[in-house]
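*Asks:* Please see the structure below; I have some questions.
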Amino acid sequence: MGSQPAPVAFLTRRFHWTWRALRPPPRSTVRRPGDHPQHRGRKRLPSRPYRLGRRAESSEKTRRRIVEAALALHVEKGIASTSARDVASRATVGIGSVYNHFPTYEALLRACAAEVTLITQPPQASTFEGIEAPAERLRLLVRELFGYYDRYHWFELIRCDRHKLPVVAQAVQRREQSRRELVREALRPLEPDEPTVTMVFALTDFAVHRALIEDGMSTAGAADQVAAVLLAWLRGGAGGSASFSGISG
């Protein structure tokens, strides 16, 4: 009664051996890849943030493709004639990807506007720092604006859509207001009145630049001609006023 039959004792011992061999070791003894003696002291790189980084990089590439596709279509056919489906087709992505990155078409247009600013580099008021001669400031104004129009050669096409889309109207208005402030800064040594600012603003418009270029002038030649006309007008009294007659250079 006190002892087990030999077969039962054998099976019991065999069970304990098998269980010891198969059971996992205690957590404190589990060795991770970085715990190897040769790896001690090395900084471990978490794997999940790495995967998330790759995913974010892919998402950013898709976003850029969408913006670049939209810009290309805006140049070709205008903003109002470009749909989200057109953009998806040009970018070779699904329409869902477009809406995932840009829930509204207005959001896409704002992203395009930011990209256009980076590409075209509008002239800034800092352009005139260190230049006090009114004639030189005026020449520089026209050269900078006409060079900007060369870089932003599709601006007139965009401006034509301002009556169709409020977001485009707002963007064009901001751009034109910035140009007016640039004109005012260029003329600052002359302390011009508003009609004078308006005249210079009108003669440095994109449409004037485009008309002269289409007539065969170079950008530099067109800028020089417009600057000469404006200087002659200012030296002649700017419409009757004698305040600018002393301009030289």
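The values are calculated or read from the model by the stated rules, or taken from the named source; none is laboratory data. It should be emphasised that the depicted structure is a prediction, and the values quoted were computed from it without experimental measurement. No Cβ is skipped: glycine too gets one built from the backbone with ideal geometry, and neighbour counts run over all protein chains shown.
*Asks:* Name the residues in the stretch 181-196 that are among the hydrophobic types (A, V, I, L, M, F, W, C) and either out of contact with any Pro (no Cβ under 8 Å at 6 or more places or on another chain) or closer than 10 Å to Arg137 by Cβ (or both), would you? Steps first, answer last, please.
*Replies:* Start the filter on the stretch 181-196 by keeping residues that are among the hydrophobic types (A, V, I, L, M, F, W, C), which leaves 182-183, 186-187, 190.
Once the filter is applied, which keeps residues that are among the hydrophobic types (A, V, I, L, M, F, W, C) and either out of contact with any Pro (no Cβ under 8 Å at 6 or more places or on another chain) or closer than 10 Å to Arg137 by Cβ (or both), the stretch 181-196 yields Val183, Ala186, Leu187, Leu190.
*Asks:* Let me ask something else about it. Tell me, which residue of the stretch 216-240 that is part of a loop (DSSP other than H, G, I, E, B) and closer than 16 Å to Pro189 by Cα is modelled with the lowest pLDDT? If you could, list the steps in order and put the result at the bottom.
*Replies:* Narrowing the stretch 216-240 to residues part of a loop (DSSP other than H, G, I, E, B): 216-218, 236-240.
If we keep only those that are closer than 16 Å to Pro189 by Cα as well, we get 237-238.
Working: Gly237: 69, Ala238: 61.
Applying the filter and picking the extreme gives Ala238.
*Asks:* Output the residue which, of all residues in the stretch 74-100 that are modelled with pLDDT of 95 or more and within 18 Å of the chain's Cα centre (by Cα), is farthest from His163 (Cα to Cα).
*Replies:* Among residues in the stretch 74-100 that are modelled with pLDDT of 95 or more and within 18 Å of the chain's Cα centre (by Cα), the one farthest from His163 (Cα to Cα) is Ala91.
*Asks:* Which of the residues that make up the stretch 202-226 are surrounded by fewer than 18 Cβ atoms within 10 Å (Cβ to Cβ) and within 12 Å of Leu141 (Cβ to Cβ)?
*Replies:* Leu203
*Asks:* Keeping to the stretch 133-172, report how many residues are touching a residue at least 40 places away in the same chain (Cβ under 8 Å) and not in a loop (DSSP other than H, G, I, E, B).
*Replies:* Residues in the stretch 133-172 being touching a residue at least 40 places away in the same chain (Cβ under 8 Å) and not in a loop (DSSP other than H, G, I, E, B): 23 in total.
*Asks:* Can you say whether Val172 is among the β-branched types (Val, Ile, Thr) and under 21 Å from Gln121 (Cα atoms), as far as the supplied structure shows?
*Replies:* yes
*Asks:* Please verify whether Val116 is closer than 24 Å to Ala80 by Cα and out of contact with any strand residue (DSSP E or B) (no Cβ under 9 Å at 6 or more places or on another chain), treating the condition exactly as stated.
*Replies:* Against the criterion (closer than 24 Å to Ala80 by Cα and out of contact with any strand residue (DSSP E or B) (no Cβ under 9 Å at 6 or more places or on another chain)), Val116 qualifies.
*Asks:* Name the single residue, out of those in the stretch 190-200 being surrounded by 16 or more Cβ atoms within 10 Å (Cβ to Cβ) and in a helix (DSSP H, G or I), that is modelled with the lowest pLDDT.
*Replies:* Of the residues in the stretch 190-200, the ones surrounded by 16 or more Cβ atoms within 10 Å (Cβ to Cβ) are 190, 192, 196-197, 199-200.
Those still in the list that are in a helix (DSSP H, G or I) too: 190, 196-197, 199-200.
Details: Leu190: 92, Thr196: 95, Val197: 96, Met199: 95, Val200: 97.
Per the criteria, the residue is Leu190.
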